[in-house]
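Here is the structure we will look at, set down as structure tokens.
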Amino acid sequence: MEFSGEFELDGVSPEDAWIVLSDPIAVRDALKGCRYITRIDDDDDFNFDDYEPEEDIETLPDADPEVVAARAFEEGGVYAALMQVGVGSVKPRFETRVTIKERAFPHMVATGGGDASNSSFEMESWMDIEETEDGSIVKWGTEANVSGRIAQLGGRVMNPVADKIVSNFFKSIQKQMTGFEESENSKSMRDRLSGLL
């Protein structure tokens, strides 16, 4: 299956979009059904059930810029994510591993896969951020191979669910970035972060 699209972020520069979309906590908070995203060792025998994520972690504009920069996605980094997605009557809980294959402003590529009871997927996703007259536009795409029970639902069921997840994600990111843009110290923070990222 292939999914792609674009989302305009009014009043948000490509640099600011990059900063927020590079923060695993901001991404987690914007992705409905995502319990956590955490960096792991590539060969780590990670136990998804035993991991207890920290709650109420600050994101920009409230977070310390050095803390945000230190936790940013890294090229070559492997991340574990626990996601629950409702597709029709099926609500699989995916234990997912994602590798950041490429990450150089304004382009990012991630590959990975996940398993849930009677379902699994493998995917490759990419994202590009471009400047517009009014802010920036995020162009994205995903190729996914889905198998098991969730695959039996077919594209007519899965495509609207994927579209809704992505739309809600970018609306949440837009909201986070609006707060970042309106904060009094956003320029100072942006300057500090751009040097760190």
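So the values come out like this:
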item: Highest-fluctuation residue, S125, S147, S89 considered, GNM on the chain with Cα pairs under 10 Å; result: S89
item: Surface share of carbon and sulfur [accessible, 1.4 angstrom probe, percent] for the range 1-81; result: 39
item: Accessible surface of the range 96-159 [probe 1.4 Å, protein heavy atoms]: carbon and sulfur percent; result: 44
item: Point-charge dipole on Cβ atoms (K/R +1, D/E -1) for the chain, about Cα centre, debye to 20; result: 920
item: Mean Kyte hydropathy of 1.0 or more with a Cα span along the axis of at least 30 Å, helices from DSSP in the chain; result: none
item: Nearest-10 value in Å² for the accessible area of F105, using the 1.4 Å probe; result: 100
item: Residue-normalised accessible area of the range 62-163, expressed per residue, 1.4 Å probe, Å²; result: 52
item: Of K91/K164; K139/K164; K32/K171; K101/K171, pairs whose Cα-Cα distance is over 18 Å; result: K101/K171
item: Accessible surface of I129 - all protein chains present, 1.4 Å probe, nearest 10 Å²; result: 10
item: Cα gyration tensor shape of the range 58-99, rounded if a/c is under 1.5, else prolate or oblate by comparing a/b with b/c; result: oblate
item: Burial ranking of peptide ranges 53-63, 133-143 (average Cβ count within 10 Å, highest at the top); result: 133-143, 53-63
item: Label-to-label distance, nm, for residues given as N159 and A70 (7 Å Cα→Cβ offset); result: 4.6
item: Listed values (1) 16.8, 55; (2) 17.8, 57; (3) 16.7, 50, entry calculated as Rg and Dmax of the Cα atoms in Å; result: (3)
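The values are calculated or read from the model by the stated rules, or taken from the named source; none is laboratory data. This one's a predicted model, so the numbers in the text were calculated from it and none came from an experiment. Don't worry about glycine lacking a Cβ; one is built from the backbone with ideal geometry, like all the others, and counts go over all protein chains shown. Heavy atoms of the whole protein, side chains included, go into the accessibility calculation; ligands, DNA and RNA do not. Shrake-Rupley method; radii C 1.70, N 1.55, O 1.52, S 1.80 Å.
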